[in-house]
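Just below is one structure, and these are the notes that go with it.
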Amino acid sequence: MLESIRGKVTGINQSYILLEIGPLTIRLLTPGYVLPHVSVGEQSLFYLLFQIVNEGNKGVPLAVAFPSISDRDFFTKFISVSGVGVRAAVKAMVIPPSELASAISTGDIKVLKSLPGIGNSRAKQIVAKLQDVMSKSTFISSVPVVTAGSADARAILEQLGVPSSEAVTMIKAALEEIGADSSASALVRSAMKSRG
């Protein structure tokens with residue numbers, strides 16, 4: 001089984017990249033949070049997960065590319081939830097695993113429901129299956145502690161029309177910039193300033 005692959009990115013789509021390796025070009029499914037960090041023409045290294053999925057009456061091999069082994073490990077846990085297949089997980093992961101793990105560990109159904117293809121019942125299923133695992137994992141070590149101010153700030157941003165997944169990212173950046181003890185209004189100002 002292949003562990004990783006290095007090659008030149010020759011194409012990027014919403015859910016996959018094309019990677020040229022010598023005379024071969026391989027299509028690799030890639031979660032959305034990875035795509036903004038990949039550029040056509042650059043040499044890249046990806047860690048792979050291979051799965052055979054049933055589509056109709058045949059097994060189809062899929063290769064999913066990740067920037068790190070820990071991201072691949074998170075994905076493996078994510079697809080262990082009943083009804084979250086490989087393609088659905090690739091589509092849903094528009095925010096980094098650290099943020100997803102944080103949402104799961106705190107039972108934040110709102111963030112999970114904001115992911116493409118994840119409805120209310122599936123979000124509850126994900127929390128029920130993975131909350132304990134994510135609470136004890138290292139996936140969320142890089143995510144700031146959620147404070148009352150950050151929770152309120154996120155709610156305000158969502159009321160202003162910012163998508164939930166983007167609000168989480170904006171609040172994380174604001175927390176790093178002005179500190180975890182900041183008020184909700186200060187976090188919102190900082191987040192909106194960085195958004196332009």
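The values are calculated or read from the model by the stated rules, or taken from the named source; none is laboratory data. If you're wondering where the values come from, they're calculated on a predicted model, not measured in any experiment. Cβ placement follows ideal geometry from the backbone for every residue including glycine, while neighbour counts extend to all protein chains displayed.
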Exercise. Does Tyr47 qualify as being aromatic (Phe, Trp, Tyr), closer than 23 Å to Thr10 by Cα and in a loop (DSSP other than H, G, I, E, B)?
Worked result: no
Problem set entry | Verdict on Val38 being touching a strand residue (DSSP E or B) at 6+ places or on another chain (Cβ under 6 Å), surrounded by 11 or more Cβ atoms within 10 Å (Cβ to Cβ), touching a residue at least 60 places away in the same chain (Cβ under 8 Å) and of a type outside the set (D, E, K, R) | no
Exercise. Picking from Ser150, Ser141, Ser165, which residue would you name as being assigned to a helix (DSSP H, G or I), under 24 Å from Pro36 (Cα atoms) and at pLDDT below 75?
Worked result: Ser165
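Quick one: which residue in Ile5, Ile52, Ile17 is of a type in the set (A, V, I, L, M, F, W, C) and either under 21 Å from Leu115 (Cα atoms) or touching an Asp or Glu at 6+ places or on another chain (Cβ under 8 Å) (or both)? Spell out how you get there, then give the answer.
On the way: Ile5 fails: either under 21 Å from Leu115 (Cα atoms) or touching an Asp or Glu at 6+ places or on another chain (Cβ under 8 Å) (or both); Ile52 fails: either under 21 Å from Leu115 (Cα atoms) or touching an Asp or Glu at 6+ places or on another chain (Cβ under 8 Å) (or both).
That would be Ile17, the only listed residue that is of a type in the set (A, V, I, L, M, F, W, C) and either under 21 Å from Leu115 (Cα atoms) or touching an Asp or Glu at 6+ places or on another chain (Cβ under 8 Å) (or both).
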Problem set entry | Candidates Ser82, Ser70, Ser105, Ser98, filtered to the one that is in contact with a Pro (Cβ under 9 Å, 6 or more places away or on another chain) and at pLDDT below 90 | Ser70
For this session: Please specify each residue of the range 11-33 satisfying the condition of being surrounded by 13 or more Cβ atoms within 10 Å (Cβ to Cβ), more than 27 Å from Glu166 (Cβ to Cβ) and among the β-branched types (Val, Ile, Thr).
Result: Thr25, Ile26
